[in-house]
Amino acid sequence: MTGSPAAPGPIRVLVTDDQELVRTGFCVILEAADGITVVAEAANGAQAVQAAADHKPDVVLMDVRMPEMDGIEATRLITGGDRGTGPKVVMLTTFDIDEYVYEALRAGATGFLLKDAPRHDLIAAVRTAAAGNALLAPSVTMRLIDAFARKPAHTLPAPSRLASLTAREHDILLLLARGLTNAEVAAELVISEATVKSHVGNLLAKLDLRDRVQAVILAYETGIVRPGTPEPLE
């Protein structure tokens, strides 16, 4: 008689922040959540890299500014710049570090979490990252747009890279870049969520991108999303 498949283990989390009280607060919240366990803590990037190697977490909560090694370099070392393998890194950020958003995504971060986010957002962020989904909330997305607005035009890739996209794929890329989920894109365009997923997969393949985070970065780099463009519908 065949036994039932083993239940999946808890999501293993590494919490990294140079402020002990912040680390403790995150750990207490996560340990109280179903299906999540904190396997290690780190006070700087170097410790995080070592802890990630030792404990093999599923998700790393990573502060950006830390002594000895900052969160961006630690993320780069942990992920190898690739969100497709290894731990998912969620950057812990505040509104005064806009300039780090782009570099963190380039380093392989899955997304961002504001340090003052409510506990349910923290738990949801860990679960979302562990499932392999990007965390690009509209509030962070707009900060990323603003960062690109300050870049000289000659440093950005030509929009011609997007020429292979169909009109529908182009529309979907615009909506992704503004922070909409697949369900919200489906509602905006009056199509099914399955159709959205198909289009997203197609545009990622055409543009040789790993995930929707890279797609959003490219949308900003090519200038098809700019500050002052209309916000997505609520």
* **Most to least accessible of MET66, MET91 (protein chains only, probe 1.4 Å)** => MET66, MET91
* **Whole-Hz ³J(HN,Hα) from phi, Karplus 6.51 cos²θ - 1.76 cosθ + 1.60, for the range 162-169, glycine and proline x** => 8, 4, 6, 6, 6, 4, 5, 4
* Asked: Can you list the residues, at least 5 places off or on another chain, whose amide H is less than 5 Å from the amide H of GLY111, using H built in the peptide plane?
  -> MET91, LEU135
* Backbone HN-Hα couplings from phi across the range 107-120 [Karplus 6.51/-1.76/1.60, Hz, Gly and Pro as x] -> 6, x, 5, 7, x, 9, 9, 6, 4, 9, 5, x, 4, 5
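The values are calculated or read from the model by the stated rules, or taken from the named source; none is laboratory data. The model shown is predicted, which means the values in this text are computed figures rather than measured ones. Each accessible area value is taken on the protein alone, full model and side chains, heavy atoms only, with ligands, DNA and RNA left out. Shrake-Rupley method; radii C 1.70, N 1.55, O 1.52, S 1.80 Å.
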